[in-house]
Protein chains: 2
Amino acid sequence: MQNLLNELRTIVGNAHVLSEGDLSAWEQDWRQRAHGKALAVVRPGSTAEVAAVVQTCARHRAAYPDQAVSIVPQGGNTSLVVGATPDDSGRQIVLSLQRMNRVRAVDNANLTLTAEAGCVLQTVQEHALNAGYLFPLSLAAEGSCTLGGNLGSNAGGTQVLRFGNTRELCLGLEVVTPQGEVWNGLSGLRKDNTGYDLRHLFIGSEGTLGIITAATMKLYPLPAAQLTAWAVVPSMQAAVTLLGLAHHHLGAGLTGFEVMSQFALSLVDKHFKQLRVPLWQDGPLCVLLENSDHESEAHARQQFEGLLEAALADGCVTDAVVAENLSQAKALWQVRESISLAQSQEGLNIKHDISLPISNIPAFVQTTDAALVQVIPGVRLVNFGHLGDGNLHYNVQAPEGVDAAAFLREHEPEVNRLVFDAVTQFGGSISAEHGIGSLKLHQLEHYKSPVALAMMRSIKQALDPQNLMNPGRVIKF
Amino acid sequence: MQNLLNELRTIVGNAHVLSEGDLSAWEQDWRQRAHGKALAVVRPGSTAEVAAVVQTCARHRAAYPDQAVSIVPQGGNTSLVVGATPDDSGRQIVLSLQRMNRVRAVDNANLTLTAEAGCVLQTVQEHALNAGYLFPLSLAAEGSCTLGGNLGSNAGGTQVLRFGNTRELCLGLEVVTPQGEVWNGLSGLRKDNTGYDLRHLFIGSEGTLGIITAATMKLYPLPAAQLTAWAVVPSMQAAVTLLGLAHHHLGAGLTGFEVMSQFALSLVDKHFKQLRVPLWQDGPLCVLLENSDHESEAHARQQFEGLLEAALADGCVTDAVVAENLSQAKALWQVRESISLAQSQEGLNIKHDISLPISNIPAFVQTTDAALVQVIPGVRLVNFGHLGDGNLHYNVQAPEGVDAAAFLREHEPEVNRLVFDAVTQFGGSISAEHGIGSLKLHQLEHYKSPVALAMMRSIKQALDPQNLMNPGRVIKF
């Protein structure tokens, strides 16, 4: 192994092969569920260095199959499914992309930005903004997650309703293959029907098929105004009806549609009193709507008023407020984004990141709520999420007064099975935006169609026959 | 072979295995460039029948490798790249999806429509419209092309600027694999990060990896109004500037941005005098803009007026008209859509379906026009296309008075090489929306990155090791 490390030092420089001291920033996932042991953390500074590192590891693996060295690509290390930290074998190289953090180009006429994989998402957003454009990908970890990680995991976030997942924002990739070859697919083309879409195969493959080193992403004109509204709805079915009305009244202006259950909001009220959660006591659910308008704030407001008038007349909304200004709009988003922290304050819970056909969400929630309460009397459901995308963070909290850790130990497998069985029954997905990583690997084997799993395995075998890239993630192989 | 045909008759019924008489409707592509000879045309009526047909053919191929039976999936047979007709070996089964033409479901709350592969595109559009929604895929062949063919070739069309290619409209697929297994991926989910994106792998694979039998597609709210404007621009650079202004002023309302050279419009004027081409003599290029507004026609008009005022002030537009009503709007589109026919009337030409980063289009056109005129004095360029997507139909017409057939014979390879070399130099694609088929197979081998080609071959080998599905298309194997 020492020879390998020496070779890697020759490629990236001594300072960028870390094999001693405290490596926990790279070895431990940020939710601290897994603590691995890396052979080394290698930090290449260019695509050519990434390619050379991969070639060297591939050669080593071929020469010493018993040592089974492998590579774990890592960006900002914010995976929610333990997808980017090493196992405890001491045989995995963490290949950190953090030094590859340049924005290579902004092309105004083409509405594209090309950046390296290690660019922090917020940096990409800021570069776009400085050029007068919007890069719409936005999510809680944006201050530390990287573009490469966003692509590898096909991250979602708060603007998917209008702009799609990371996948839909990407026009081209640069990839280092498991053989250490460089594929330059940084086309920036909106149409390119020249063979199989390799881009979409790499996006969402969580580093198991190769290493994304750079990408060309779409930009959009900046909206002239972004307004939010907050509405009380009498039921999940009413929320779905409101979503249909919002599509109709706001058109492509509808950029956010978040649903939050009363219990989820009560936790924010309890733990963050200063946030002043509006209207949460007035109904079982609230909805946060965002309207991004290319004309003006006045126009955005007028559009919202037309929508809310129709919704109140319909009965799918019982009360609502429209933010008076940008600062109020931000405050409403802050309430929504504080739910995650508020539930942590209340104690650990069993988290789910699921999606469903939107039409099935009311029945799913009703059925699953009832089933859980029957199995675990007093259980509390923290239900919130991106209803506009059919994505719920349907989390299960211990009954009042019950120790959270004990609750998780006792009930997690049973709760997961019940929830995922219901998701499957209603035509949904057990991972909407967080991916599979190692955390959901076994569940994927259980819930995914065997035909699809077989195709996935064939593809992995075809592109990475050595199983060099991020083994034990996404697909058993 | 007779046993095989008998087995297939047992599966789909005697009436649906055609092996005698005039089969030219299936054996000949619609531009009549290729005339093949099928072993039989097989027309299954269900996914189960498709699976049984594929299993039977796969077994036959394994048992009699020297006979090398294979399958050519076919929809409406409107491929522009000879992608869906059999070769002349007499060993290919044309598997026509035309009997699988049901719309299975429209889900209003989920904004999705699920239809079988053999559904004619126009039928899909009409079902959406009857339910009160827009299915935005629209292209010249929509009266006969099928949804399965659109997906297999990732068709583009006139609304890509706002809604993307067929790929971007698809949320899920049902596929019969080359082994005759059925993958049901008809999820209708907007977020689903459970492993490799098989959907995008099948879309655009032109039937070489399996057979798409059904799909779940996105629907959109119907716009309240669709207006068009027609502008004279002094240069291609001015057209690009106008595109930027249009994105800014119209936001997501901008659903069409078509550029047409003066010569292209002169052909419409010459061959279809009754269409009354506006303003074509006033500048080197005209642009057709479409604004789809979710509010009202008055609002759409006001938005257009703001845009055109800014564009006239900037100088990127020298004159413009806005359609007075829907009928005028349609008339403007008809001029645009008549360019194809007008050039046929003028005589066959050398067609290209290319895309480029939009920022490179002015330089590409200037350089390539000049190079062509130098090589072939008097050559005429029919340049038009979806500038908003970076997609040009850059066609090369014989000099005035020169016999078109002789011109093609003499110059086609040279012109293709010159144009595709320039496309490559400017970072573009040799096939924007028509695909590869068999027509561009050799060119793809020449122009595509060897790393990408190697990955494509590995994937083909992994999923279809027998090379049963549409051999000789997309990728040499």
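The values are calculated or read from the model by the stated rules, or taken from the named source; none is laboratory data. Note that the structure is a prediction, hence the values are computed from the model and not measured. Backbone-built Cβ (ideal geometry, glycine too); neighbour counts: all protein chains shown. SASA here: full protein model, heavy atoms, side chains in, ligands and nucleic acids out. Shrake-Rupley method; radii C 1.70, N 1.55, O 1.52, S 1.80 Å.
What to note about this one:
- Neighbours of A:Gln67 by Cβ distance under 9 Å: Lys/Arg scored +1, Asp/Glu scored -1, total +1.
- Taking Cα atoms only, the orientation of helix B:47-63 departs from the longest principal axis of chain B by about 60 degrees.
- Sorted shortest first, the separations between the B:Gln466 label point and its copies elsewhere in the assembly read 3.4 nm; each point sits 7 Å from Cα along the Cα-to-Cβ line.
- The calculated P(r) of chain A, using every Cα pair and 20 Å bins from 0, goes 23, 54, 23, 1 in percent.
- Ranked by solvent-accessible area (1.4 Å probe, protein heavy atoms only, all chains present), the residues A:Lys460, A:Lys448 order from largest to smallest as A:Lys448, A:Lys460.
- The stretch A:347-475 shape via C-alpha gyration tensor axes, a/c threshold 1.5: prolate
- Comparing B:Ala406, A:Val176, A:Leu147 along the charge dipole axis of the protein assembly as shown, the residue lying farthest to the positive side is A:Val176, per the Cβ-charge model.
- Part-to-part distance (alpha-carbon centres) for the stretch B:444-477 and the stretch B:121-166, which is given in Å: 27 Å
- Model label sites at A:Ser344 and B:Glu305, defined 7 Å from Cα along the beta-carbon direction, differ in position by 5.4 nm.
- Inter-copy separations for A:Leu348, label at 7 Å along Cα-Cβ, nm, ascending: 7.3
- For the stretch A:257-272, 3J(HN,Hα) computed residue by residue from phi via the Karplus equation (6.51, -1.76, 1.60; θ = phi - 60°) reads 8, 10, 10, 9, 6, 4, 5, 4, 5, 5, 5, 5, 4, 5, 9, 9 Hz, glycine and proline entered as x.
- Dipole magnitude of chain A, debye to nearest 20 (Cβ charges: Lys/Arg +1, Asp/Glu -1, about Cα centre): 1120 debye
- Angle in degrees between helix A:297-314 and the longest Cα principal axis of chain A, rounded to the nearest 10: 60 degrees
- Distant-in-sequence amide H partners of A:Gly185 (H built 1.01 Å from N, under 5 Å): A:Leu173, A:Glu174, A:Val175
- Distances between equivalent label points of A:Ala363 across the copies, with each point positioned 7 Å along Cα→Cβ, amount to 5.7 nm, shortest listed first.
- In chain A, the DSSP-assigned H stretches of four residues or longer account for a calculated mean residue ellipticity at 222 nm of -11500 deg cm²/dmol, using -39500 (n - 2.57) per stretch and the full residue count as denominator.
- Approximating the spin labels as points 7 Å out from Cα along Cα→Cβ, the A:His248-to-B:Arg417 distance works out to 6.1 nm.
- Solvent-accessible ranking of A:Lys273, B:Lys440, largest area first, probe 1.4 Å: A:Lys273, B:Lys440
- HN-Hα J in Hz across the stretch A:80-86 - Karplus 6.51, -1.76, 1.60, θ = phi - 60°, x for Gly and Pro: 9, 10, 6, x, 9, 10, x
- Cβ charges +1 (Lys, Arg) and -1 (Asp, Glu), total dipole of the protein assembly as shown, debye: 1940 debye
- Estimated FRET transfer efficiency (B:Gln334, B:Arg409; beta-carbon r; R0 25 Å; 0.05): 0.15
- Relative to the longest principal axis of the Cα atoms of chain A, the long axis of helix A:326-337 makes an angle of roughly 70 degrees.
- Anisotropy class of the stretch A:219-300 from Cα gyration tensor, a/c 1.5 cut: oblate
- Local net charge near A:Gly180, Cβ-Cβ under 13 Å (Lys/Arg +1, Asp/Glu -1): -2
- Antiparallel bridge percentage (DSSP; both residues within chain A; nearest 5): 85 percent
- Basic side chains Lys and Arg get +1 at the Cβ, acidic Asp and Glu get -1 at the Cβ, and with that the dipole of the stretch B:38-113 about its Cα centre reaches some 200 debye.
- Extents of the stretch A:170-223, taken as max minus min of Cα coordinates on every principal axis and listed largest first, are 42, 23, 16 Å.
- Selection from B:Ile354, B:Gln425, B:Pro465 lying farthest towards where the dipole of the stretch B:318-471 points positive, charges on Cβ: B:Pro465
- Other residues whose C-beta falls under 14 angstrom from the C-beta of B:His442 contribute a net charge of +3, scoring Lys and Arg +1 and Asp and Glu -1.
- Cβ-derived FRET efficiency at R0 35 Å, B:Ser296 paired with B:Gln122, nearest 0.05: 0.80
- Estimated FRET transfer efficiency (B:Leu222, A:Gln67; beta-carbon r; R0 51 Å; 0.05): 0.25
- Phi-based couplings in Hz for the stretch A:420-430 (Karplus 6.51, -1.76, 1.60; Gly and Pro marked x): 5, 4, 5, 4, 5, 4, 8, x, x, 10, 7
- Of interest is the spacing of the C-alpha centroids, which for the stretch B:285-303 and the stretch B:241-269 amounts to 12 Å.
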